[in-house]
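Working notes, beginning with the structure itself.
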Amino acid sequence: MSQEEEVRPVTRGPSVGAVTGAQQTPAHAPVSSALLEVDELRVTYGGAVLALDGVSFSVPEGGTVALLGANGAGKTTALRAVTGLLRFHGGQVTAGSIRFAGRSIARADAATLVGSGIGQVLEGRRVFADLTVAENLRVGAFAGRARRREREIRQELLELFPILAERADQPAGLLSGGQQQVLAIARALMAQPRLLLLDEPSLGLAPRVVAEIGQALRTINERGCALLLVEQSTALAMRATEHAYLLETGRIRTHASTAEMLSDERVRASYLGAPAVLGHPEEVTR
Amino acid sequence: MTAFLQLLFQGVALGCIYALVALGFTVVYRASKVINFAQGSLLLVGAYLVSFLATDLNLPFVAAVVGAIALLATGGAVFQMTVLRRMLGQPVFVLVMITIGLSIVIDSSIPAIFGGNARILGDPWGASAVHVGGVTLNWVRIWTVVCTGLILALYFAFDRFSRYGLAMRATAADEEAALAVGVPVRRVYALTWAIAGGVAAVGGLFLAGFPSSVNPSLGDVALRAFPAIILGGLDSPPGAVVGGITIGIVEVMSSGYAPGWLGNDFSSVAPYVVMILVLLSRPYGLFGTRPVERV
């Protein structure tokens, strides 16, 4: 069995997910109150380095949004601001607001935010290498909104990603890169997020694996979980998101539907290092 | 042969105390990478607490021990929550310096409060012993071994099977990733300090047992346990146990068997010799993490 097949998500199965907990939110939220609303956000590191300068974006309930931009544009910083990890890196929100489900979360701590429905997958997968796959999933349920249903949620995730069931008792460090990415996503889903943030989930993965991760993300979204995807490369954004914002050195340059944004030659060439002008895509994107 | 068994028993009993010291170290270090230089001082507090509760307040000895464990565990957690927590985002080095400060405060407060003289522990064992075929087994040492075994079993069961044990391991593996998936990392740190305090109370009480007493120099045990920690590997609780018992046996055996030309106090050097020999072949200690990753 090839690695590509191993990570492929199974799309059949229960369609309304215990995984995402979408049923706990009103089906027709008013358009004006997006699930996540970031407004005029300014972030500095170490009190001096300005990383974000008046950034605004929003993710609608159940929506899929990509945050695109070159290296150093501030994509990861934007995610950290939302998830409460800024302080961990010596960063600070100096102006602007972040609202999740109508409530201000600019000062909340990371663990609390996971409990209130914001899940995230850090760049570089960051699975707990010495812990088994099953233990990694248990850690993901720690702050979950529905700990009583932990077993049920895990069962559903193992049906979605059968490879994790096969490897349940192995140390996560022994999985392949694609499998680790799947585990990182499943671990985040154990907490039943309403919004899942992913930082460069396609980094270092083969194109076919990226396609499969994209498929998995769509399935997760169909079950009601909103997605906010940070990407430097465009393939996954194209597959998994409808709307895209383009970040450039700490500011939102433009936003549009993902398809529109990525068909713009200038955008591709200038900010995303797509192969429009310069030689090999790999060399440019990295 | 009798002499050998006698020394072996004493070595294991001493090693158990080292193992408790080392366990307190590694639990904190593994989660937060903070080398807690105050661990020896916590043992000192533990011994004085037991002595105070059992002799000044006349509590039954078991109650005094349980009370000392509870108080010191609470104290450890409170210290973490009120002092170390404010240092979030500071380099680990800063936290290490604070633990040195804590140890100085404790080491100088204890004689100020209780005086510099030795106190009695208030334990029911004293110098009583059983004799098995010429080997003298002091009750205090028997209880040292039994209680250490019990505490280690409890700790490892907690680490392996409980939710918070899992959270400790996840935090140890990757603090940011643990935060990112919702582990209350700050609570985990407080918990590791509570564990460090609790095991220090037990270690301190047995350290002060016969033939020693409750006195201000008990905290020096941390220095003597140092080779045990390095030997086992800084971030490995099982290593702490193996290292502790090994060093205890080495120390006692060398005091019994070292030839005269090595000098009188070779037994206090021997653990360091063993440590250096082990580190030559295993730089991360016997059980320490050598990072293995598939990239």
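Quick one: of the DSSP bridges fully inside the protein assembly as shown, what percent are antiparallel, nearest 5?
Around 60 percent of the beta bridges assigned by DSSP in the protein assembly as shown are antiparallel ones.
Hey, can you grab everything whose amide H is under 5 Å from the amide H of A:L67? Only 5+ residues off in sequence or another chain; H modelled, so Pro and N-termini drop out.
Excluding prolines and chain starts, which carry no amide H, the hits are A:L229, A:V230, A:E231, A:Y245.
Divide, for segment A:74-130, the radius of gyration over alpha carbons by 2.2 N^0.38 Å, where N is the residue count. Numbers along the way, then the final one.
Details: Rg = 11.9 Å, N = 57, 2.2 N^0.38 = 10.2 Å.
Expressed relative to 2.2 N^0.38 Å, the Cα Rg reads 1.17.
Can you compute the FRET efficiency between B:T289 and B:V62 using 1/(1 + (r/R0)^6), with r the Cβ-Cβ distance and R0 = 41 Å? Round to the nearest 0.05.
About 0.60, to the nearest 0.05.
Measure nothing but the geometry: give the 0 to 90° angle between the long axis through the Cα atoms of B:39-51 and the longest principal axis through the Cα atoms of chain B, rounded to 10°.
Compared with the principal axis, the helix lies near 60 degrees.
Mean-square fluctuation check for chain B, GNM, Cα pairs under 10 Å: which of B:G122, B:G11, B:G149 is largest?
In the Gaussian network model the winner is B:G149.
Taking R0 as 35 Å, what FRET efficiency do you get between A:E159 and A:D109 from their Cβ-Cβ distance, rounded to the nearest 0.05?
Numbers: r = 33 Å, r/R0 = 0.94.
Approximately 0.60, to the nearest 0.05.
Using a 10 Å cut-off on Cβ to Cβ distances, tally the other chain neighbours for every residue of A:188-196 and report the average as a whole number.
1
Pick from B:T192, B:T99, B:T148 the residue whose mean-square fluctuation is largest in a GNM of chain B, springs joining Cα atoms under 10 Å.
The residue that fluctuates most here is B:T99.
Name the residues whose placed amide hydrogens come within less than 5 Å of the amide hydrogen of A:E61, ignoring near sequence neighbours (fewer than 5 apart) on the same chain.
So A:E61 has HN proximity to A:L35.
What shape does segment B:1-136 have by the C-alpha gyration tensor, where a ≥ b ≥ c are the square roots of the eigenvalues, rounded means a/c under 1.5, and otherwise prolate means a/b greater than b/c and oblate the rest?
Note, shape of segment B:1-136 comes out oblate.
Choose one answer from B:V269, B:V181, B:V83: the residue with the largest mean-square fluctuation in a GNM of chain B with alpha-carbon springs under 10 Å.
B:V181
Between A:A134 and B:A118, what is the label-point separation in nm under the 7 Å Cα-to-beta-carbon projection?
Reported label-point gap for B:A118 and A:A134 is 5.3 nm.
Return the whole-Å distance between the Cα centroid of segment A:86-162 and the Cα centroid of segment A:195-255.
Comparing the Cα centres of segment A:86-162 and segment A:195-255, I get a distance of 17 Å.
Compare B:L20, B:L207 by solvent-accessible area with a 1.4 Å probe and give them largest first, with all protein chains kept in place.
So the residues, ranked largest to smallest area, are B:L207, B:L20.
How high is the FRET efficiency from B:D265 to B:M1, r the C-beta distance, R0 30 Å, rounded to 0.05?
0.70
Per residue of segment B:140-157, in order, report the coupling 6.51 cos²θ - 1.76 cosθ + 1.60 (Karplus, θ = phi - 60°) as ³J(HN,Hα) in whole Hz, putting x for Gly and Pro.
Karplus-based 3J(HN,Hα) across segment B:140-157 equals 5, 6, 4, 5, 4, 5, 4, 5, 4, x, 5, 5, 5, 4, 4, 4, 5, 5 Hz.
Quick check on the protein assembly as shown: take the gyration tensor over C-alpha atoms, sort the square-rooted eigenvalues as a ≥ b ≥ c, and tell me if it's rounded (a/c under 1.5), prolate or oblate.
Details: a/c = 2.47, a/b = 2.25, b/c = 1.10.
Judged from the Cα gyration tensor, the protein assembly as shown comes out prolate (a/c at least 1.5, a/b above b/c).
Given axes a ≥ b ≥ c from the Cα gyration tensor, I'd like to know whether segment B:1-55 is rounded (a/c under 1.5), prolate (a/b larger than b/c) or oblate.
Oblate, because a/c is 1.5 or more while a/b does not exceed b/c.
Can you compute the helix-only [θ] at 222 nm over chain B? Use -39500 (n - 2.57) per DSSP H run of at least 4 residues, normalise by all residues, nearest 500 deg cm²/dmol.
Mean residue ellipticity at 222 nm (helix-derived): -23000 deg cm²/dmol.
Kindly express, to the nearest 10 degrees and within the range 0 to 90, the angle between helix B:61-82's C-alpha long axis and the longest C-alpha principal axis of chain B.
30 degrees
In nm, give the distance between the simple-model label positions of B:D220 and B:I104, each being 7 Å from the Cα along the Cα-to-Cβ direction.
Simple spin-label model gives 2.0 nm for this pair.
Which far-off residues, 5 or more places away or on another chain, put their amide H under 5 Å from the one on A:T254, with H placed in the peptide plane?
A:L246
The values are calculated or read from the model by the stated rules, or taken from the named source; none is laboratory data. The structure displayed is predicted, hence computed values, not measured ones. When we count neighbours, we look across all protein chains shown, and the Cβ atoms used for this are built from the backbone with ideal geometry, even at glycine. Side chains are part of the model used for accessible areas, which takes the heavy atoms of the whole protein and leaves out ligands, DNA and RNA. Shrake-Rupley method; radii C 1.70, N 1.55, O 1.52, S 1.80 Å.
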